[in-house]
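*Asks:* I have a structure I would like to understand better, so I am pasting it below and will then ask my questions one at a time.
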Amino acid sequence: MNGTRVVVIGAGIVGAACARELALAGGFRVTVVDRGGAAEATTAHGEGNVLVSDKGPGPELRLAQLSRRLWPETLAAVAGRSPRAADAVRAVEWDPKGGIVVATTEAGAAELTRFAAAQRTAGVRADALDAAALAAAEPHLTRDHTAALHYPEDAQVQPAAAAAALLGDALTHGATLRTGCEVLGARTRGGRLTAVRTAEGDLPADLFVNAAGPWSGRLATRLGAPVDVRPRRGDILVTAPLPPTVFHKVYDADYVGAVGSSAEDLQTSAVVEATRGGSVLLGSSRRRAGFDDRLRPEVLSAIAAKALRLFPGLADVAVMRAYGGFRPYVPDHLPVIGADPRLPGLWHASGHEGAGIGLSLGTARLLSDLVRGNAPEIDPAPFRVDRPAVLGTDATAPSEESA
């Protein structure tokens with residue numbers, strides 16, 4: 001594959017990870033293009049979660065476990081390149097602080113206990129906490145709970161900084177970056193994708209990676225190979241900096257159900273965690289609203305109400321700002337990773353919904369192995385492009401407005 005030209009479309013966390021993996025593999029000339037700036041859209045509007053706690057046994061958990069292993073290894077490798085790279089990695093704020101999941105009803109406790117038992121069979125560590133242990137771990141958390149579990153493998157990063165570190169390492173290894181370059185369509189020859197049309201002219205390559213996140217459906221339609229990747233919106237509240245108040249990623253047991261739901265109406269659950277700067281992030285919400293980027297007061301109010309059930313002491317804390325973003329949603333809740341059988345030359349790395357930060361490194365490793373013909377560490381079949389949820393009747397031609 002010496003000299004193989006690769007265009008990665010999308011400079012968010014997944015695109016940056018894919019570009020880095022291919023650039024380091026050798027034999028690839030990688031160009032990353034983005035219609036905006038690097039990591040300024042979905043990646044910049046997330047919480048930076050690297051989680052195993054919210055995933056039941058199955059392919060997504062296996063991808064999460066691979067990614068969780070790769071995160072500290074990758075950051076250590078990048079930091080070792082140079083003092084400047086080490087500074088970039090420090091900005092990532094890698095924090096393996098662990099997660100705590102809390103149930104506040106008897107039914108929730110039963111479901112959380114069942115869910116954790118299944119996770120343990122897949123190698124996830126989930127430790128039950130009694131009232132005293134929970135109070136020691138999170139002294140400001142409500143005492144009105146029925147069960148709690150500690151997930152020591154959960155971690156957090158600063159998402160935009162993480163993408164910048166990965167992309168910077170890709171550039172160090174010969175990749176190039178073109179921002180403000182929107183892909184408008186395809187050029188094909190003999191049924192194969194040979195170039196993408198942009199406002200700056202055609203960009204030829206030997207293979208193209210669709211890593212456009214929530215815009216992947218729109219992009220795929222423009223290229224003539226639609227996939228059912230849709231935007232699903234989430235919003236977050238950010239408090240003013242506080243003294244140490246929240247020490248883990250803490251969420252209620254409803255969060256797992258919201259992640260796995262396909263409902264179009266608003267869903268909220270309490271997700272509370274601190275940043276190194278002292279601000280507390282309050283989430284989460286999920287709703288299908290197309291690309292409507294307006295903040296809704298009723299959504300923010302629902303998020304705050306759920307968070308206060310877990311941390312009543314936050315009632316008088318000032319909210320500094322709120323933000324929201326779009327997550328790439330696929331109806332069967334699995335990413336789309338691999339070659340598109342309908343259009344040779346096109347590959348996909350998308351559909352991670354709210355887990356893109358955590359799953360990015362595993363996705364990039366899996367994609368790189370498939371591109372190079374290596375045996376992947378995990379089974380790629382569940383993520384294939386030609387599965388019904390991706391190529392079903394709902395995916396025939398997503399519109400510019402809804403894709």
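The values are calculated or read from the model by the stated rules, or taken from the named source; none is laboratory data. Please read all numbers here as calculations on a predicted model, not as lab measurements. Neighbour counts run over all protein chains shown; Cβ positions are idealised from the backbone, glycine included. Side chains are part of the model used for accessible areas, which takes the heavy atoms of the whole protein and leaves out ligands, DNA and RNA. Shrake-Rupley method; radii C 1.70, N 1.55, O 1.52, S 1.80 Å.
*Asks:* Considering only residues that are among the acidic types (Asp, Glu) and open to solvent by 90 Å² or more (accessible area, probe 1.4 Å), look in the range 369-403 and name the one that is modelled with the highest pLDDT.
*Replies:* That would be GLU377.
*Asks:* Name the residue, out of TYR329, TYR323, that is open to solvent by 10 Å² or more (accessible area, probe 1.4 Å) and of a type in the set (Ser, Thr, Tyr).
*Replies:* The match here is TYR323.
*Asks:* If you don't mind, there's one more thing I want to ask. Six or more apart or on different chains, Cβ atoms under 8 Å: show the pairs whose first residue is in the range 90-113 and part of a helix (DSSP H, G or I) and whose second is among the charged types (D, E, K, R) and open to solvent by less than 50 Å² (accessible area, probe 1.4 Å).
*Replies:* Cβ pairs passing all conditions: GLY108/ASP252.
*Asks:* Of the residues that sit in the range 225-242 and are of a type in the set (Gly, Ala, Ser) and farther than 30 Å from VAL196 by Cα, which one is surrounded by the most Cβ atoms within 10 Å (Cβ to Cβ)?
*Replies:* So in the range 225-242, the residues of a type in the set (Gly, Ala, Ser) come out as 225, 234, 240.
Imposing the further condition that a residue be farther than 30 Å from VAL196 by Cα reduces the set to 234, 240.
Working: GLY234: 26, ALA240: 12.
Ranking the candidates gives GLY234 first.
*Asks:* Which count do you get for residues in the range 333-354 that are open to solvent by less than 10 Å² (accessible area, probe 1.4 Å), touching a Ser or Thr at 6+ places or on another chain (Cβ under 8 Å), not β-branched (Val, Ile, Thr) and not in a loop (DSSP other than H, G, I, E, B)?
*Replies:* Within the range 333-354, residues that are open to solvent by less than 10 Å² (accessible area, probe 1.4 Å), touching a Ser or Thr at 6+ places or on another chain (Cβ under 8 Å), not β-branched (Val, Ile, Thr) and not in a loop (DSSP other than H, G, I, E, B) number 3.
*Asks:* Within the set of pairs 6 or more residues apart or between chains, which connect a residue that is without any contact (Cβ under 8 Å) to a residue 24 or more places away in the chain and among the aliphatic types (A, V, I, L, M) inside the range 121-147 to a residue that is open to solvent by less than 40 Å² (accessible area, probe 1.4 Å) and not in a strand (DSSP E or B) with Cβ atoms less than 8 Å apart?
*Replies:* ALA128/ALA116; ALA135/LEU141
*Asks:* Next question, about the same structure. Taking the condition more than 25 Å from ALA148 (Cβ to Cβ), under 19 Å from the mean Cα position of the chain (by Cα) and either of a type in the set (D, E, K, R) or not in a helix (DSSP H, G or I) (or both), does ARG62 pass?
*Replies:* Values: more than 25 Å from ALA148 (Cβ to Cβ): yes; under 19 Å from the mean Cα position of the chain (by Cα): yes; either of a type in the set (D, E, K, R) or not in a helix (DSSP H, G or I) (or both): yes.
Against the criterion (more than 25 Å from ALA148 (Cβ to Cβ), under 19 Å from the mean Cα position of the chain (by Cα) and either of a type in the set (D, E, K, R) or not in a helix (DSSP H, G or I) (or both)), ARG62 qualifies.
*Asks:* Right, something else. Checking ILE357 against (1) touching an Asp or Glu at 6+ places or on another chain (Cβ under 6 Å); (2) open to solvent by 10 Å² or more (accessible area, probe 1.4 Å); (3) in a helix (DSSP H, G or I); (4) not hydroxyl-bearing (Ser, Thr, Tyr), which single condition isn't satisfied?
*Replies:* (1)
*Asks:* For LEU343, state whether it is more than 28 Å from ARG294 (Cα to Cα) and in contact with a helix residue (DSSP H, G or I) (Cβ under 9 Å, 6 or more places away or on another chain).
*Replies:* Yes.
*Asks:* Does ALA85 satisfy the condition of being open to solvent by less than 30 Å² (accessible area, probe 1.4 Å), touching a residue at least 24 places away in the same chain (Cβ under 8 Å), aliphatic (A, V, I, L, M) and farther than 26 Å from ARG327 by Cβ? Please lay out each step first, then the result.
*Replies:* Numbers: open to solvent by less than 30 Å² (accessible area, probe 1.4 Å): yes; touching a residue at least 24 places away in the same chain (Cβ under 8 Å): yes; aliphatic (A, V, I, L, M): yes; farther than 26 Å from ARG327 by Cβ: yes.
Here the answer is yes, as ALA85 does meet what is asked.
*Asks:* Can you spot a residue in the range 171-191 that is crowded, with 23+ Cβ neighbours inside 10 Å, within 29 Å of VAL78 (Cα to Cα) and touching a helix residue (DSSP H, G or I) at 6+ places or on another chain (Cβ under 7 Å)? Step through it out loud before you land on a result.
*Replies:* Residues of the range 171-191 crowded, with 23+ Cβ neighbours inside 10 Å: 175, 183.
Next cut, within 29 Å of VAL78 (Cα to Cα) only: 175.
Then drop every residue that is not touching a helix residue (DSSP H, G or I) at 6+ places or on another chain (Cβ under 7 Å), which leaves 175.
So far as the range 171-191 goes, yes, one or more of its residues are crowded, with 23+ Cβ neighbours inside 10 Å, within 29 Å of VAL78 (Cα to Cα) and touching a helix residue (DSSP H, G or I) at 6+ places or on another chain (Cβ under 7 Å).
Quick grid of which residues meet (1) more than 25 Å from ILE13 (Cα to Cα); (2) open to solvent by 50 Å² or more (accessible area, probe 1.4 Å); (3) not basic (Lys, Arg):
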position: LEU66; (1), (2), (3): no, no, yes
position: ARG81; (1), (2), (3): no, yes, no
position: LYS97; (1), (2), (3): no, no, no
position: GLY108; (1), (2), (3): yes, no, yes
position: ALA122; (1), (2), (3): yes, no, yes
position: LEU141; (1), (2), (3): yes, no, yes
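*Asks:* Could you tell me how many of the residues in the range 114-127 are assigned to a helix (DSSP H, G or I) and touching a helix residue (DSSP H, G or I) at 6+ places or on another chain (Cβ under 8 Å)? Give the derivation first.
*Replies:* Taking the range 114-127 and keeping what is assigned to a helix (DSSP H, G or I), we get 114-121.
From the residues that got through so far, the ones that are touching a helix residue (DSSP H, G or I) at 6+ places or on another chain (Cβ under 8 Å) too are 115, 119.
Total meeting the criteria: 2.
*Asks:* Could you list all residues from the range 261-320 that are of a type in the set (Phe, Trp, Tyr) and either open to solvent by 10 Å² or more (accessible area, probe 1.4 Å) or free of Cβ contacts under 8 Å to residues at least 24 places away in the same chain (or both)? First the steps, then the outcome.
*Replies:* Step one: of the range 261-320, the residues of a type in the set (Phe, Trp, Tyr) are 291, 311.
Of everything in the range 261-320, just one residue is of a type in the set (Phe, Trp, Tyr) and either open to solvent by 10 Å² or more (accessible area, probe 1.4 Å) or free of Cβ contacts under 8 Å to residues at least 24 places away in the same chain (or both), namely PHE291.
*Asks:* Ok, one more. Kindly indicate the residue of the range 326-361 that is of a type in the set (A, V, I, L, M) and within 9 Å of the chain's Cα centre (by Cα) and also farthest from PRO59 (Cα to Cα) among those meeting that condition.
*Replies:* It comes out as ILE357.
*Asks:* Name the single residue that is surrounded by the fewest Cβ atoms within 10 Å (Cβ to Cβ) among those in the range 30-45 being of a type outside the set (A, V, I, L, M, F, W, C) and part of a strand (DSSP E or B).
*Replies:* We begin by selecting, within the range 30-45, every residue of a type outside the set (A, V, I, L, M, F, W, C); these are 31, 34-37, 40, 42-43, 45.
Next, only the ones that are part of a strand (DSSP E or B) stay: 31, 34.
Working: THR31: 18, ASP34: 25.
So the residue we want is THR31.
*Asks:* To continue, here is another question. Look through ALA322, ALA304, ALA289 and report the one residue that is modelled with pLDDT of 90 or more, among the small types (Gly, Ala, Ser) and within 20 Å of the chain's Cα centre (by Cα).
*Replies:* On the way: ALA304 fails: within 20 Å of the chain's Cα centre (by Cα); ALA289 fails: modelled with pLDDT of 90 or more.
Answer to the selection: ALA322.
*Asks:* A further question on this structure: What number of residues within the range 51-64 satisfy the criterion of being open to solvent by 40 Å² or more (accessible area, probe 1.4 Å) and hydrophobic (A, V, I, L, M, F, W, C)?
*Replies:* 0
*Asks:* Taking the range 9-29, which residues are over 17 Å from the mean Cα position of the chain (by Cα), buried (at least 24 other Cβ atoms within 10 Å of the Cβ) and assigned to a strand (DSSP E or B)?
*Replies:* PHE28
*Asks:* On to the next question. Mind checking which residues of the range 174-220 are in a strand (DSSP E or B) and of a type in the set (A, V, I, L, M)? Reasoning before the result, please.
*Replies:* Let us first name the residues in the range 174-220 that are in a strand (DSSP E or B), namely 176-179, 183-189, 192-198, 201-204, 207-210.
Scanning the range 174-220 gives LEU177, VAL183, LEU184, ALA186, LEU193, ALA195, VAL196, LEU203, LEU207, VAL209.
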